[in-house]
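> Below are the structure tokens for one structure; questions will follow.
The values are calculated or read from the model by the stated rules, or taken from the named source; none is laboratory data. The shown structure was predicted, so the numbers you read here are calculated from the model rather than taken from an experiment. Please note: Cβ atoms are built from the backbone with ideal geometry, for glycine as well, and neighbour counts cover all protein chains shown. With ligands, DNA and RNA removed, areas are computed over all heavy atoms of the protein, side chains included. Shrake-Rupley method; radii C 1.70, N 1.55, O 1.52, S 1.80 Å.
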Amino acid sequence: MSGGTFDYLQYRISDAADTLHEEAGKYSAEFPEEYNPKVVERLHLVATVVSLASELLHDADWFLAGDTGKEDMLIDTDATLANLRTILEAHGE
């Protein structure tokens with residue numbers, strides 16, 4: 001069953017990433033005296049990495065559930081991991 005291998009955890013992780021992006025945006029508006037662009041940037045980076053982790057878990061789930069084959073799983077995870085590397089390199093991580 002698609003999504004059920006990990007009890008739909010990838011969707012909760014994706015929701016957490018979305019919430020973190022929203023909270024990062026609110027941070028600068030609600031705490032202008034404490035506003036730090038590097039903090040906001042890092043929060044967005046964390047949210048992006050968490051979102052990519054959700055995608056990887058989704059790909060693993062579909063493979064383990066028999067919804068995709070090993071070739072598709074490898075292609076999908078390779079693409080997500082390449083995206084992650086690009087993002088981290090762009091941020092000097």
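> Can you pull the percent of the chain's accessible area that's carbon plus sulfur, 1.4 Å probe, other chains left in place?
C and S fraction of accessible area: 59 percent.
> Report the one residue of L88, S14, G4 whose Cα lies farthest in the direction of the positive end of the charge dipole of the chain (charges on C-beta: Lys and Arg +1, Asp and Glu -1; origin at the Cα centre).
L88
> In degrees from 0 to 90, rounded to the nearest 10, what is the angle of the helix 70-90 Cα long axis to the longest principal axis of the chain?
Approximately 20 degrees, to the nearest ten.
> Note the direction-averaged projected area, equal to a quarter of the hull surface, for the Cα convex hull of region 38-77, in nm².
Taking the Cα atoms of region 38-77, their convex hull projects to 2.7 nm² on average.
> Moving to a separate point now. With label points built 7 Å along Cα→Cβ from the Cα atoms of K26 and I75, find their separation and express it in nm.
4.0
> What list of ³J(HN,Hα) couplings, whole Hz, do you get for region 37-53 from phi and the Karplus terms 6.51, -1.76, 1.60, once you set θ to phi - 60° and write x for glycine and proline?
Listing the rounded values in order: x, 5, 5, 4, 4, 5, 4, 5, 4, 4, 4, 5, 5, 4, 4, 5, 4 Hz.
> Ok, one more. Quick one: putting +1 on the C-beta of Lys and Arg, -1 on the C-beta of Asp and Glu, what dipole do you get for the chain around its Cα centre, in Debye to the nearest 20?
The calculated dipole for the chain is roughly 160 debye.
> Take the alpha carbon gyration tensor of region 15-60, find the square roots of its eigenvalues, order them as a ≥ b ≥ c, and report rounded if a/c is under 1.5; if not, report prolate when a/b exceeds b/c, else oblate.
Verdict is prolate for region 15-60.
> Using the heavy atoms of the protein chains and a 1.4 angstrom probe, tell me the accessible area per residue for the chain in square angstrom.
Per-residue accessible area for the chain comes out at 65 Å².
> Local charge sum around T77 (other residues, Cβ-Cβ under 9 Å, Lys/Arg +1, Asp/Glu -1)?
Surrounding charge for T77 is -4.
> Taking the simple approach of a point 7 Å from Cα along Cα-to-Cβ for both E41 and D15, what is their distance in nm?
Result for the modelled spin labels: 3.2 nm.
> Further, regarding this structure: Taking only the C-alpha atoms, wrap a convex hull around the chain and report its volume per residue in Å³ as a whole number.
Output value, Cα hull per residue: 80 Å³.
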